[in-house]
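For reference, the structure discussed in these notes is given below.
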Amino acid sequence: QVRLVESGGGLVQPGGSLRLSCVASGRIFSIGAMGWYRQAPGKQRELVTTITGDGTSNYADSVKGRFTISRDNAQNTVYLQMNSLKPEDTAVYYCNAAVSTGYFHTPRDYWGQGTQVTVSS
């Protein structure tokens, strides 16, 4: 059993910053790629950013240059530093991780419960 728990969301003014965290716990043997997705009201969930096990990151064009993903493998944690926030960034942000629960177990995707980010004046 694997749990991903996000934290750090909240209300922030345009131009402000937030740092999201996501901690994986449970029966974890190894974690591969991790990422952040978001879903705004009335819209489909979209990819924000991903990071591989060795630290290679990718970003959606809408957040490139403003958001930074990082990870701490020793703590099974992934972070999302969000700067220069815009009202368009308002969404529920979800953490994702590819987790193997054993040496012979194929990795599978796990999701967090989401954390609300609201950018408004």
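When the range 92-119 is filtered for residues that are closer than 13 Å to residue 18 by Cα and either in contact with a Ser or Thr (Cβ under 7 Å, 6 or more places away or on another chain) or surrounded by 14 or more Cβ atoms within 10 Å (Cβ to Cβ) (or both), the ones remaining, listed by number, are 93, 115, 117, 118, 119. Looking only at residues in the range 27-44 that are under 14 Å from residue 90 (Cβ atoms), touching a strand residue (DSSP E or B) at 6+ places or on another chain (Cβ under 6 Å) and not hydrophobic (A, V, I, L, M, F, W, C), the one that is least open to solvent (accessible area, probe 1.4 Å) is 38.
Restricting attention to the range 74-91, the residues being in a strand (DSSP E or B) and either farther than 14 Å from residue 36 by Cα or free of Cβ contacts under 8 Å to residues at least 60 places away in the same chain (or both) number 3. A single member of 71, 66 is open to solvent by 10 Å² or more (accessible area, probe 1.4 Å) and within 12 Å of residue 33 (Cα to Cα), and it is 71.
Look through 12, 2, 92 and report the one residue that is under 28 Å from residue 121 (Cα atoms), modelled with pLDDT of 95 or more and in contact with a Lys or Arg (Cβ under 9 Å, 6 or more places away or on another chain). Testing whether each residue is under 28 Å from residue 121 (Cα atoms), modelled with pLDDT of 95 or more and in contact with a Lys or Arg (Cβ under 9 Å, 6 or more places away or on another chain) leaves just 92. The residues of the range 21-39 that are touching a Ser or Thr at 6+ places or on another chain (Cβ under 6 Å) and either under 16 Å from residue 112 (Cα atoms) or of a type in the set (Lys, Arg) (or both), listed by number, are 21, 23, 27, 33, 35, 36.
The values are calculated or read from the model by the stated rules, or taken from the named source; none is laboratory data. A quick note: this is a predicted structure, and the numbers were derived from the prediction, not measured. In this analysis, Cβ positions are derived from the backbone assuming ideal geometry, glycine residues included, and neighbour counts consider all displayed protein chains. Ligands, DNA and RNA are excluded from the accessible area calculation, which covers all protein heavy atoms including side chains. Shrake-Rupley method; radii C 1.70, N 1.55, O 1.52, S 1.80 Å.
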